[in-house]
Amino acid sequence: MKTKIREIFTSIQGEGPYIGYKQLFIRFCKCNLNCNYCDTDFTQESAKEYSAPELAEIINRHYDCHSVSFTGGEPLTEVEFLKELLPLIKIPAYLETNATLNDNLSEIIKYIDYIAADIKLPSCTGLSGLWEKHDRFFKTSQGKKLFAKIVFDSNITNQEIEIACSLGKKYNIELVLQPKMTDSGISVTKDFIEQTLDKFITKYKNVRLIPQVHKFLDIR
Ligand code: SF4
C-alpha cells in the first residue's frame, strides 16, 4: 500500500527531554482531532505518496540521526501503513502522538522505541472526553521510553492539573509542561508559568517545563 506524506526533513528535536537530538522527521497528513491551537496544514497539495519500502529506504539512509520521528497530524491514523513500514527500518522509532488511538498503538508498539505523547487539556484544546483515552494509551505504552507533553495556556484549571498529575503518578511518566506559543511568542506570563509549575510540583515531582526550543532558534 501507499500513503501520503506531507514532509520529510532533518532537523533537531525541539520539544521534550530529547531536545537537541538530530532526527529525521516524517510528517503524516491526517489527524483524528481538531485542537484549537493546531497549526498543522491539512491541505494535501504538497504531499507525496510513498510505499513502505520506498520510505524505509529513505529512512535507513539517515543512520546519523538519533531516531526517526513519526509526526503529523497523527501518525497512528496510518496504522496499516506503519505495520508495513516499521519492520523495515533500521534506526530507532520515535512516535509523536496525541495519545488517543490506543487500539492502533497496540498493533505497532513492539516496533516503537520512544513515545512523545500529548495530554490534551480541554481548557487549551477545546476538546473534551480524552482523559480515558489517554489513560488506556499510557497503560499500553508501559515499558517504552515515554513522556507526556502538556501544552497549556492561562485557562488551565486546578482540576486539569490534578487529573494530569494522577495519570503521571499512575504510570510513572515524566510530565513536560509546554507553554502555548502564538505568533507573538509565549502566550502566558513568566509569573503564570512559575505558578503553574509549582502547582504541578506540589502534586507530582516528575515534572519539567520545556518550551519549544526550535521556535526560539527559528528552525522547524
Ligand atoms: S493532535 Fe496535533 S495535529 Fe491533531 S489537531 Fe491537535 S495539534 Fe493538530
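Taking a ≥ b ≥ c as the square roots of the Cα gyration tensor eigenvalues, with a/c under 1.5 meaning rounded and otherwise prolate when a/b beats b/c, else oblate, which class fits the range 142-184? Since a/c reaches 1.5 but b/c is at least a/b, the shape of the range 142-184 is classed as oblate. Summarising the label geometry, the points placed 7 Å from Cα in the beta-carbon direction at THR140 and THR182 lie 3.5 nm from one another. For the chain, what is the relative contact order in percent, using Cα pairs closer than 8 Å and at least 6 residues apart in sequence? After rounding, I find 17 percent. Spacing of the modelled spin labels on CYS38 and LYS169, each 7 Å from Cα toward Cβ, amounts to 3.3 nm. How would you classify the range 156-220 from its alpha-carbon gyration tensor, with a ≥ b ≥ c the square roots of the eigenvalues: rounded for a/c under 1.5, else prolate if a/b is greater than b/c, otherwise oblate? Note, shape of the range 156-220 comes out prolate. Diffusion coefficient of the range 1-89 by Stokes-Einstein, Kirkwood radius over Cα pairs, 4 °C, 1.567 mPa s: 95 µm²/s. Relative to the longest principal axis of the Cα atoms of the chain, the long axis of helix 158-171 makes an angle of roughly 50 degrees. Pairs of alpha carbons in the range 2-216 separated by more than 20 Å make up 58% of all such pairs. The calculated FRET efficiency for LYS2 paired with LEU217, based on their beta-carbon distance and R0 = 25 Å, is about 0.15. So, counting K/R as plus one and D/E as minus one, what does the shell of residues with Cβ under 13 Å around ASN32 add up to? After counting each charged neighbour, the total is -1. Within the set of other residues whose C-beta is less than 12 Å from the C-beta of SER67, count the net charge using Lys and Arg as +1 and Asp and Glu as -1. Once all neighbours under 12 Å are counted, the net charge is 0.
Using only the Cα atoms of the range 71-132, build the gyration tensor, take square roots of its eigenvalues as a ≥ b ≥ c, and label the shape rounded, prolate or oblate: rounded if a/c is under 1.5, else prolate if a/b is larger than b/c, else oblate. Prolate. Compared with the dominant Cα axis of the chain, that is its longest principal axis, helix 131-141 is turned about 50°. The sum of -39500 (n - 2.57) across all DSSP H runs of n ≥ 4, divided by the residue count of the chain, sets its helix-only mean residue ellipticity at 222 nm to -9000 deg cm²/dmol.
Read-outs: derived from the displayed coordinates by stated rules, not from any lab. Predicted model only: the values in this text are computed from it and were never measured. Cβ: placed from backbone, ideal geometry, glycine included. Neighbour counts: every protein chain shown.
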